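Enquirer: This is the structure I want to talk about, given as structure tokens.
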Amino acid sequence: MSVPQDLFYAKTHEWVALEDGVATVGISDFAQSQLSDLTFVELPEVGTAFEAGDEAAVVESVKAAADVYAPVGGEVIAVNEALEDAPELINNDPFGKGWIFKIKVNDESEVDDMMDADSYEELCPED
Amino acid sequence: MMKAWSVSFSAPVPYQEGLDIQRRLLKARQDNLIPDTVLILQHTPTVTLGNRGRANYLLKTEEEYRELGIDLFHAERGGDVTFHGPGQWVLYPVLYLGGNEADSHGYLFNLEETAIRTLGDYGVDGFRREGKSGAWTDAGKIAAIGFRLKKWVSFHGMSFNVSNDLMGFSTIVPCGLVGEPVASLKTILGEECPEMPLVRDSLLNHFSSVCNRELERFEAEGDLPAELAALIKG
């Protein structure tokens with residue numbers, strides 16, 4: 001199970017990469033593996049304002065649907081439209097091409113409430 | 001084994017009522033007020049579409065369903081269209097799947113395994129089919145699966161056909177699979193079909209061992225812990 005060191009993690013298995021006040025958000029390798037092959041991603045609309053913890057997207061496999069939460073508050077400034085035709089990008093490259101949306105962050109200190117890679121790894125099952 | 005609760009209902013539950021109970025349990029589980037809890041019940045006749053369920057898999061109009069006494073619901077679960085009715089057990093596990101007690105086999109595998117082992121109790125050979133979820137027999141599909149995770153707590157789940165009237169399935173294209181038959185223990189075993197309570201116990205026993213949860217079992221109509229009674233009765 002891959003857990004990159006340079007990201008922040010939420011208890012609900014999202015990751016955040018923070019750069020110049022913009023948070024790129026996706027779901028972790030653990031999360032994608034629990035859901036198996038994704039068949040659909042319901043993306044938020046650009047311009048939507050979220051608070052930390054709001055439901056922002058839905059990822060679906062053949063038999064499961066799971067909510068994805070905004071780990072930090074702010075306005076959605078971009079969504080990964082490639083996922084509309086290729087939701088499997090999340091399975092194949094969860095921390096890269098499988099990013100889901102980008103948020104212009106209101107308060108960067110909100111990432112302090114998230115976990116680092118080591119703490120997150122403890123939350124995930126050993127296999 | 002993690003401790004968990006199960007609640008069984010003897011009389012068929014309308015779909016909306018079952019959904020309301022699940023939503024209350026879901027919230028309480030997310031807030032860590034209750035342990036993992038499994039509902040096992042039968043529904044009154046209902047057709048449900050999954051999140052991406054396509055209405056062209058419904059073979060009747062809304063009015064015709066009403067005339068047949070079948071409720072129609074769009075459910076927020078994964079999976080496609082299915083039918084529920086008396087004589088079919090529905091298992092609704094409300095489980096936290098986001099922590100380190102999650103099984104690396106995955107939850108879908110575990111639900112299928114629960115159905116397959118239950119079939120084995122009655123001498124029926126159950127199996128998985130590549131690319132098609134659920135549990136299958138030589139006579140057709142017998143268990144259907146579709147669930148939703150919110151904050152990594154599951155709701156919705158699996159239905160398992162015991163002695164239900166399969167006529168309801170003829171009003172839909174089950175799971176969107178054209179030309180695939182639906183089976184029940186009754187169609188396979190005939191007179192030898194076990195009674196509903198026996199199959200309920202089989203499902204709970206196998207769920208317990210497959211999902212590694214020690215079940216404290218309650219009946220909805222019986223004595224319940226106060227916090228559980230409030231969630232069940234609303």
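Rule-based calculations on the coordinates, nothing more; no lab input. Since the model is a prediction, treat every value here as computed from it, not as a measurement. Cβ placement follows ideal geometry from the backbone for every residue including glycine, while neighbour counts extend to all protein chains displayed.
Enquirer: Which value, in debye to the nearest 20, gives the size of the charge dipole of the protein assembly as shown about its Cα centre, when Lys and Arg are +1 and Asp and Glu are -1 at the Cβ? Provide the component values of the computation, followed by the final result.
Expert: Working: 28 positive and 61 negative charges, 269 e Å.
Magnitude of the dipole: close to 1300 debye.
Enquirer: Using the basic label-point model (7 angstrom from Cα toward the beta carbon), what is the B:Asn100 to A:Gln5 distance in nanometres?
Expert: Placing both labels 7 Å beyond Cα along the Cβ direction yields 2.1 nm.
Enquirer: I need the calculated FRET efficiency for the pair B:Thr61 and B:Glu227, taking r as the beta carbon distance and R₀ as 56 Å, to the nearest 0.05. List each step's numbers first, then the result.
Expert: On the way: r = 43 Å, r/R0 = 0.77.
The pair B:Thr61/B:Glu227 has a calculated efficiency of 0.85.
Enquirer: Counting only pairs 8 or more residues apart or on different chains, how many lysine pairs in the range B:2-233 have their Cα atoms under 19 Å apart? Mind showing how you got there, number by number?
Expert: Numbers: B:Lys3/B:Lys27; B:Lys27/B:Lys150; B:Lys27/B:Lys151; B:Lys27/B:Lys233; B:Lys132/B:Lys141; B:Lys141/B:Lys186.
Close lysine pairs found across the range B:2-233: 6.
Enquirer: Just how many % of Cα pairs in the range A:9-56 lie over 14 Å apart, if you round to the nearest whole percent? All intermediate terms of the calculation are to be shown ahead of the outcome.
Expert: Working: 694 of 1128 pairs.
The answer is 62 percent, as a whole percent.
Enquirer: How many angstrom separate the Cα center of the range B:26-66 from the Cα center of the range B:136-151?
Expert: 13
Enquirer: Using amide H atoms built 1.01 Å from N in the peptide plane, name the residues 5+ places from A:Ala56, or on other chains, whose amide H lies under 5 Å from its own.
Expert: Distant-sequence amide H within range of A:Ala56: A:Val68, A:Tyr69, A:Ala70.
Enquirer: For the protein assembly as shown, what proportion of DSSP beta bridges, expressed in % and rounded to the nearest 5, is antiparallel?
Expert: Details: 56 of 77 bridges.
Bridges in the protein assembly as shown that DSSP calls antiparallel: roughly 75 percent.
Enquirer: As a test, work out the antiparallel percent of DSSP beta bridges whose residues both lie in chain B, rounded to the nearest 5.
Expert: Numbers: 27 of 45 bridges.
The answer is about 60 percent antiparallel.
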